[in-house]
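Okay, handing you the structure first.
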Amino acid sequence: MTKRDLGNKGEDAVCRYIEKYGYRIIERNFVCKKGEIDIIAENDDTIAFIEVKSRKEDSMVSGAEAVNYTKKMRIIKTAAYYTYKNPLTKQPRFDIAEVILKNNIPSILRYYKSAFDMTDCNIMLSLK
């Protein structure tokens, strides 16, 4: 099983999880030159930009720990581009979902709402 296959399994598990809580999946694997967002989902008042990190059970670094400053900036810039192309009427939020796979099957899911925000984020975007 490839790394991409494991990632897809984790993303599928996260989609099922958030749909149980009333979220609707808008996009998966939104890509632009700024970066990629694994899942974009919405509920009544929020649009969530979700970074999914799938890990095998013996991984030394947790999924949440793997989302460093550089990765956060890429996600924020990608979300800014997305909102430029698709103006928002809902409050944006940045979440991290951590999926632990045992024998290539998602067995533990940790979901961090508002895992990070744009505080101290001084980015200049070229949206073209």
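Helix 69-85 sits at what angle to the longest principal axis of the chain, using alpha carbons and giving 0 to 90 degrees rounded to 10?
The two axes meet at around 50 degrees.
Tally the DSSP beta bridges in the chain and give the antiparallel ones as a percent, rounded to 5. It would help to have the intermediate numbers written out before the result.
Numbers: 19 of 30 bridges.
Around 65 percent of the beta bridges assigned by DSSP in the chain are antiparallel ones.
Okay, next question. Between the DSSP loop rule and a limit of at most 15 other Cβ atoms within 10 Å, which GluC sites (Glu not before Pro) in the range 1-100 are left? Don't skip to the end; give the middle numbers.
Details: sites: Glu11, Glu19, Glu27, Glu36, Glu42, Glu51, Glu57, Glu65, Glu98; in loops: Glu57, Glu65.
Filter output for the range 1-100: Glu57, Glu65.
Something else: Set the bar at 28 Å for Cα to Cα. Now go through Lys20/Lys56; Lys56/Lys90; Lys3/Lys90; Lys9/Lys72; Lys56/Lys85 and name every pair that lies beyond it. List each step's numbers first, then the result.
Numbers: Lys20/Lys56 24 Å; Lys56/Lys90 34 Å; Lys3/Lys90 33 Å; Lys9/Lys72 22 Å; Lys56/Lys85 36 Å.
The pairs that break the limit, which is 28 Å between Cα atoms, are Lys56/Lys90; Lys3/Lys90; Lys56/Lys85.
Tell me which chymotrypsin sites (Phe, Trp or Tyr not before Pro) from the range 1-104 have a DSSP coil assignment and no more than 15 other beta carbons within 10 Å of their own.
On the way: sites: Tyr17, Tyr21, Tyr23, Phe30, Phe49, Tyr69, Tyr81, Tyr82, Tyr84, Phe94; in loops: Tyr21, Tyr23.
Of the chymotrypsin sites (Phe, Trp or Tyr not before Pro), the ones in loops of the range 1-104 whose Cβ has at most 15 other Cβ atoms within 10 Å are Tyr21.
Okay, moving on. On a full-extension model of 0.36 nm per residue, what is the gain between Tyr21 and Ile105, subtracting their alpha-carbon distance, rounded to one decimal in nm? Walk me through the numbers on the way to the answer.
On the way: separation 84, 0.36 × 84 = 30.24 nm, distance 2.17 nm.
Difference between extended and current length: 28.1 nm.
OK, next. Once both axes come from the Cα atoms, what is the angle between helix 3-20 and the longest principal axis of the chain, in degrees from 0 to 90, rounded to 10?
70 degrees
Each value in this text was obtained by applying a stated rule to the coordinates, not by laboratory testing. All values derive from a computational prediction rather than experimental measurement. All Cβ positions, glycine included, derive from the backbone under ideal geometry; neighbour counts span all protein chains shown.
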